[in-house]
Every structure is written in structure tokens, then in C-alpha cells.
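Chemist: Below is one structure. I have some questions about it.
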Amino acid sequence: MKKLFLNTAFCMFCMMNVQAQEFFTDKRPVQSANEFTRKVNDISYDIDVVIKKNKDLLKEELNEIDKKVEANTLTSAEADVLRKEKAEFYAKEIENATKLQEDKIKTLINNKIEYNINFSSDMSAYQKQLIENKSLFYVKYALSKNIMLVENDQDYYKKDGAVTGFGAGFGLKTRLGKDLSRVYWNSTLEMYYQTYKLNNNKTIESVNGTTNLVDIGFPAKKSNLVMGEFRLGNYIEYDFSKRKADEFGNTIVKSRQSFFVGAGGFIGYTGMTKALQYEKNGELYRENTQAKYNVNNFTYGIGGYLGYKFVNIEVSYNLNQVFKKSFANQNTLNVSLVFNLM
């Protein structure tokens, strides 16, 4: 009887382990069998105790019957009837006791299977948390150095100043392909303010559809062109972040934990303001004049970036001319230090 129940428990335990292996592929952790084995051993010990106790009691009863037969107080026929009754009684006792232990084994196995099923569900949710969302929104801030590139390298603009502009915007990067892909589509929506300083007391005027460089006519502390540019950019990004694993061997997917690069282009809309600062009769004057100045409002260009974690260097070049028609062909080059908040 005991062997039957133990064999049943062992078979069910093996089936349960097969189920657990199906639940926990990809190196998922499985509950240790030590506790389960200990409880099965406890039940086995209880069965041994029950069987031994009832066997001992039956042996004592049979000895008493034998003594009565020897003392001629009980006939052989009567003794056989009593022996059968006693054997049936203690067999029933053993059966009832082992039935209780069988119920314990069933409960133990059911609890373990239920635990593994619940654990599998929890693990699946946990594993999903290890993989970064397919699309990730972020905010970016930039400090930039803006350079006006003039044909024939004419020295119309000053090149001093480490920071001549700033910008801010939003980005949405989307992983392309499977969970372990390192390639992303990065879309940005940004606003940049860029300052270009004119040399030699010069400023610009639009005359008959042409932007001309003219003398201010008096000494100026500052003569700047301030451009505000609204951009929509799209880039292909490759992430070099090393894949890590948790204590169970599950892969952790998180981007921008190391170096990353991107390349692409942008379109945008720009406007220009002319800013002057000068002294006259001991008074400091500031003039800001916003006009069309024959500016190409629609802009487009190419760009790229190289970054590490939350910081990157971004370079962009406007392919369009700044002015539709002007004293010289001019394009802008912007180099920015960008901080990303993911």
C-alpha cells in the first residue's frame, strides 16, 4: 500500500516538473524541490508509523488467540474466524490511515502545481518589465554653436562665442524589429534660436527682393541676426548598449546605456529678427526689428549625432540658402550639446 502511494506521488511529481519546465523556458527559475521532497518524506514516515503500529497490534491479537487455542478455551474453527476478523479490522485501519496520507499528497501536489502556474504568470509579467517599451518619449535641451557659412569664406560674420544659440524639443524613438534589435527610428520636434553676429557695423536690408549688407552709419555695440527655427526631424539610430541579464539569466533590454549614433534629416520653418544695440548721447538703445528680409522660410537639411547615455553631440547643416537672393550664398551649420531626459 505504501509503495503504491509513494509511486503515485513520485509520478505526479515528475509530471509536475515537466509542466514546470514548460512554464519556465528561457532560463526561468523553478521552485526548489527540497521542501516538496521533505514533505513527501514526512508523509512516508507517517505511513510507516501507521503500518507498523497496526501490524504490532494485529500480532498481539493473533498471539492472544494462539494462547487461547493452546489453553483449549478456543477451538481452531473459532480461532480462524477471529484471526480473519482481526486481520480485516487492522487492514481497514491501515487503509483509512493511508487514505488520509493520500489526501495530503494530493493537496501537496496541487498546491505546488498552482504555485508554479502563478509563479509562471508573475514571471512573464516580470520578464516584460525587463524589456524597454517599443516606443520611448523623451525631452531634449540643447546649447549650440551656430556658424554662418558664406561662399568664398567672406568674413561677414564673427565667429567668437562658444554658445550662440539654444533649443528645446521632444523626441519619440521607436525600436525597429524584434525586442533585441539595436536599430531605432527617432523622430524629433524642436525649436532652435540661433544668433549670428555681423562684423564692422554692418546690418541687412531687403531692397527690391534682394537682401543687402549695409553700413549702420554709426558705431554699434552689437549687430545680430536672430533666427528662430521650428524643426521636424527623422533619424535612424543605432544603439551600442551592452545587453545585460538578471540573476535568472533573463535578458535586460534598455537603450542608451552606452554609446549611440544617428543620422537623418529634417524640415522646418524659420523667421528672422534684426537686433541692434548702440549708444547715442549717453543712452543705450536696443532695437529689434522683425521682417521677412527675403528669408527662405522653408528649411531643410541633414544631420547626425553621437552620444553616450543622456548626452550627445548633434551636428546639422541647412541645405537651403538662408536668403532667397542676397549679397552672398549662405548656409548654416549648427553644432549642439544636447541633454536628453528619458
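Chemist: Taking the chain as a Gaussian network, Cα atoms linked when under 10 Å apart, which of Phe230, Phe266, Phe218 shows the biggest mean-square fluctuation?
Modeler: Evaluated over the chain, the most mobile residue of the options is Phe218.
Chemist: Which of Phe323, Phe298, Phe89 ends up with the largest GNM mean-square fluctuation for the chain, with Cα atoms connected below 10 Å?
Modeler: Its mean-square fluctuation being the largest, the pick is Phe89.
Chemist: Now for a different question. Under 10 Å, Cα contacts only: if you run a Gaussian network model on the chain, which one of Leu82, Leu276, Leu189 comes out with the highest mean-square fluctuation?
Modeler: Ranking Leu82, Leu276, Leu189 by mean-square fluctuation puts Leu82 first.
Chemist: In addition: Residue by residue through region 141-153, which ³J(HN,Hα) values in whole Hz follow from phi under the Karplus form 6.51 cos²θ - 1.76 cosθ + 1.60 (θ = phi - 60°), with glycine and proline marked x?
Modeler: 10, 9, 10, 10, 10, 10, 10, 8, 9, 10, 4, 6, 6
Chemist: Moving on. Which of the residue pairs Lys140/Lys221; Lys145/Lys197; Lys158/Lys309; Lys292/Lys325; Lys140/Lys292; Lys140/Lys309 have a Cα-Cα distance greater than 24 Å in the structure shown?
Modeler: The answer is Lys140/Lys221; Lys158/Lys309; Lys140/Lys292.
Chemist: If you bin the C-alpha pair distances of the chain every 20 Å from 0, what whole percents do you get?
Modeler: Bin by bin from 0 Å, the calculated values are 21, 26, 17, 13, 11, 7, 4, 0.
Chemist: Please tell me the relative contact order of the chain in percent, rounded to the nearest whole number, where contacts are Cα pairs under 8 Å and at least six residues apart.
Modeler: RCO, the chain: 15 percent.
Chemist: Between region 166-203 and region 72-89, what is the separation of their alpha carbon centroids in Å?
Modeler: 101 Å
Chemist: Suppose the Debye formula is applied to equal point scatterers at every Cα of region 126-277; what is log10 I(q)/I(0) at q = 0.21 Å⁻¹?
Modeler: -1.30
Chemist: Further question: Along the charge dipole of the chain, pointing to its positive end and built from +1/-1 on Cβ of Lys, Arg, Asp and Glu, which listed residue (Gly249, Leu58, Asn288) has its Cα farthest out?
Modeler: Asn288
Quick note: the coordinates plus some simple rules give every number you see, no bench work behind them. It should be emphasised that the depicted structure is a prediction, and the values quoted were computed from it without experimental measurement. Heads up, the Cβs are rebuilt from the backbone with ideal geometry, glycines too, and the neighbour counts pull from every protein chain shown.
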